[in-house]
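The values are calculated or read from the model by the stated rules, or taken from the named source; none is laboratory data. The structure presented is a predicted model; accordingly, all values stated were derived computationally and were not measured. Glycine gets a Cβ as well: all are built from the backbone with ideal geometry, and neighbour counts include every protein chain shown. Accessible surface is based on the protein model in full, side chains and every heavy atom, while ligands, DNA and RNA are left aside. Shrake-Rupley method; radii C 1.70, N 1.55, O 1.52, S 1.80 Å.
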Amino acid sequence: MVKKIKQVYLGIDIGGTKIAHALFDGKKLITHTQNVGTPGGRSILNVVSGFYKKYSKRYELCGIGISTAGMVSDSGKIVGSTGNIKNWYGTEVKKILEKRHNVPVVVENDANAAAYAEYKIGLAKGSNPLLMVTLGTGVGGGIVINGKVLRGKHFAGGEIGHIKLSYSKHRLCTCSKYDCLEAYASGNGLIALAKHYFPDKKNMHSTKALFSVAEREKHQDNLLALRAVEDWHFYVAEGICNLVQVIDPEKVVLSGGLSLKVNLKLLNKELKKMLLPAMEKSVDKGLVVKSKFGNDAGILGACLLVSDLLI
Ligand SMILES: [Zn+2]
């Protein structure tokens, strides 16, 4: 059934606004990642099938790896927080696609899939445990322990954006609760800081403007922008510290668009102030690293998970 020659996997990453896809040969992506808009609900499966049919003319496709926003059950069904994708909740993704195409299909939450890619082939290869922290519009993450993604009883393992930084009910989170890490350490959290430091300057109410001014020493608002960026690092460090004290990871991988803006020196300084003294040395030894995969991590992880089934 499975032809070992030319083993190629179709990798798909389903987000709230776009679906990315690429082909994987067991070690690396062999095509550039291409994007199409995310249609509503279950027509997503038809988009995936369209890609499958297109590529199966040229390649011996032996599996489909799907990384998706939302919580995913062990049986590959979407069971929660669907990242604003309409009618995606409840979809039996794995069951339907395996029936249609007769190849193994793995469906995994996007952050979990990305963490797995870091564990298998990233800078933190083989790290045990591995913690991945994704900093973007929101905050996500994934935990790999003994080579397995920590999915949890309710498939919400690694949803680190919703650990609490305080109980003072200062900031509302996207989850409708207060003072989650996401409300402080995400892009939206950073914009809240910009509004705090520059209440009357709307042109400063974006992450782009804030980082730009923080990098320009001679700008009149430079010091205030730096304060905001430093506060943001403090929040990121606080979240990482809480998680590090619980799982004691070998490596922490930062990913997501905002991770590019993290100053590791500053973050490490804050982390060392917070962690148990016995853990401080690990920070100096490079506990925290930045992902090199960019937006491809989810596709890579999903493909690696499905390729594991065939080894
Ligand atoms: Zn929350």
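So the values come out like this:
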item	result
Strands (runs of 3 or more DSSP E) enclosed by region 16-74 - at least 1 residues per element that are touching a residue at least 40 places away in the same chain (Cβ under 8 Å)	18-24, 61-68
Unique residue being within 23 Å of A113 (Cβ to Cβ), of a type in the set (A, V, I, L, M), touching a residue at least 12 places away in the same chain (Cβ under 8 Å) and crowded, with 18+ Cβ neighbours inside 10 Å when the list is L271, L310, L304	L304
Breaking point among (1) open to solvent by less than 60 Å² (accessible area, probe 1.4 Å); (2) under 17 Å from the mean Cα position of the chain (by Cα), for T174	(1)
One residue from N102, N35 being surrounded by fewer than 21 Cβ atoms within 10 Å (Cβ to Cβ), farther than 18 Å from G298 by Cα and not charged (D, E, K, R)	N102
Qualifying residue in region 82-91 (condition: hydrophobic (A, V, I, L, M, F, W, C), in contact (Cβ under 8 Å) with a residue 24 or more places away in the chain, more than 19 Å from L300 (Cβ to Cβ) and not in a strand (DSSP E or B))	yes
Restricting region 139-171 to residues that are hydrophobic (A, V, I, L, M, F, W, C) and open to solvent by 40 Å² or more (accessible area, probe 1.4 Å), the residue that is farthest from the ligand (Cβ to nearest atom)	I145
Residue ID - least open to solvent (accessible area, probe 1.4 Å), chosen from residues in region 192-209 that are over 29 Å from the mean Cα position of the chain (by Cα) and under 16 Å from N222 (Cβ atoms)	F198
D179 vs. criteria free of Cβ contacts under 8 Å to residues at least 24 places away in the same chain and either on the phi > 0 side of the Ramachandran plot or open to solvent by less than 40 Å² (accessible area, probe 1.4 Å) (or both)	yes
Condition check for R216: away from the ligand (no atom under 16 Å from the Cβ), open to solvent by 40 Å² or more (accessible area, probe 1.4 Å) and over 14 Å from T137 (Cα atoms)	yes
Residue count, region 172-210 (criterion: outside any helix (DSSP H, G or I) and either within 20 Å of G136 (Cβ to Cβ) or away from the ligand (no atom under 14 Å from the Cβ) (or both))	15
Set N112, N128, N188: member being in contact (Cβ under 8 Å) with a residue 60 or more places away in the chain and open to solvent by 20 Å² or more (accessible area, probe 1.4 Å)	N128
Which numbered condition L226 misses (of (1) within 30 Å of V105 (Cα to Cα); (2) in contact with a helix residue (DSSP H, G or I) (Cβ under 7 Å, 6 or more places away or on another chain); (3) among the aliphatic types (A, V, I, L, M))	(1)
Residue list for region 220-249, filter: assigned to a loop (DSSP other than H, G, I, E, B) and surrounded by 14 or more Cβ atoms within 10 Å (Cβ to Cβ)	D221, P249
Some residue of region 93-101 being in a loop (DSSP other than H, G, I, E, B), assigned by TED's automatic domain parsing to the domain that holds C62 and out of contact with any Gly (no Cβ under 6 Å at 6 or more places or on another chain)	no
Unmet requirement for M71, which otherwise passes all of (1) in the same structural domain as G40 (by TED's automatic domain parsing); (2) in contact with a helix residue (DSSP H, G or I) (Cβ under 7 Å, 6 or more places away or on another chain); (3) aliphatic (A, V, I, L, M)	(2)
